[in-house]
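All remarks here apply to the structure that follows.
Nothing in this text is a laboratory measurement; each read-out follows from the coordinates by a stated rule. All of these numbers come straight from a predicted model, not from anything done at the bench. Every residue, glycine as well, gets a Cβ built from its backbone with ideal geometry; the counts of neighbours run over all protein chains shown.
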Amino acid sequence: MIEYYHYIKALHLIFVITWFAGLFYIPRLFIYHIEASLKPEPEKHILSEQLKLMTKRLWYIITWPSAILASLFAFWLLFLMPSFLQMDWMLIKLAFVVLLYAYHYKCHLIFREMQKDVINWSSTQMRLWNEVSTLILFAVVFLVILRDSLNWIYGVVGIFLLAGMLMLGIKIYKRIRAGNPKA
């Protein structure tokens, strides 16, 4: 079975990519739904119904299946290479995967609220929430590629710098939108 390791790894990576694609896009749809809720009728209703349909398709056809398949292929890889579980970088990576599943689950709760037109977030809050998956992605990629503890420390510092830049970018974008509502 070890001869299939690279095929399984490739499939794992493909489904990780599609999982992240769903996690990157779902908060954008939430943002559009939040902003549509502020529009007058009938525009509000029309947009809300279309966004609920788009969100439902993304969530159940792409994001959830990708998460499950990425995990199944990951477990298969760990079954083939159990020695990975004794490496510090892998244990830290798995901690980030748990964090990613927590993010995914919270997105699922938000998805269920939005399907009922229950909106508890502002578009700015959702823009910040949208960046959490980006930070997790950066952490995991740097961790897997660098693996060395000293380089990983630089990677963590870089992630915090990235988080700061993302928050600054969101604040600047908010100011631009306040000056030009169509932006």
| task | Please verify whether the range 100-107 includes one or more residues that are loosely packed, with under 12 Cβ neighbours inside 10 Å, over 15 Å from the mean Cα position of the chain (by Cα), assigned to a helix (DSSP H, G or I) and aromatic (Phe, Trp, Tyr). | result | no
| Failed item in (1) surrounded by fewer than 16 Cβ atoms within 10 Å (Cβ to Cβ); (2) more than 21 Å from Gly22 (Cβ to Cβ); (3) in contact with a helix residue (DSSP H, G or I) (Cβ under 7 Å, 6 or more places away or on another chain), with Ile145 passing the rest | (3)
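Report yes if some residue within the range 55-63 is within 18 Å of Val140 (Cβ to Cβ) and polar (S, T, N, Q); otherwise report no.
yes
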| said: Anything in the range 14-67 that is of a type in the set (S, T, N, Q) and closer than 17 Å to Val118 by Cβ? List them, or say none. | reply: Ser37, Ser48, Thr55
| query | Within the range 109-131, can one find any residue that is over 30 Å from Glu49 (Cα atoms) and either in a helix (DSSP H, G or I) or of a type in the set (Ser, Thr, Tyr) (or both)? | reply | no
| task | Could you please find all residues in the range 30-50 being without any contact (Cβ under 8 Å) to a residue 60 or more places away in the chain and in a helix (DSSP H, G or I)? | result | Tyr32, Ala36, Glu43, Lys44, His45, Ile46, Leu47, Glu49, Gln50
| query | Quick one: how many residues across the range 49-65 are surrounded by 16 or more Cβ atoms within 10 Å (Cβ to Cβ) and either farther than 28 Å from Ile170 by Cα or more than 22 Å from the chain's Cα centre (by Cα) (or both)? | reply | 0
| task | Go through the range 47-91 and give me each residue that's small (Gly, Ala, Ser) and over 20 Å from His6 (Cα atoms). | result | Ser48
| note | Contact list, first residue from the range 79-108 and touching a residue at least 60 places away in the same chain (Cβ under 8 Å), second anywhere and not in a helix (DSSP H, G or I), beta-carbon distance below 6 Å, six or more apart or interchain, is Trp89/Arg147
| query | So which residues in the range 93-114 are touching a helix residue (DSSP H, G or I) at 6+ places or on another chain (Cβ under 7 Å), more than 16 Å from Gly22 (Cβ to Cβ) and not basic (Lys, Arg)? | reply | Phe96, Leu99
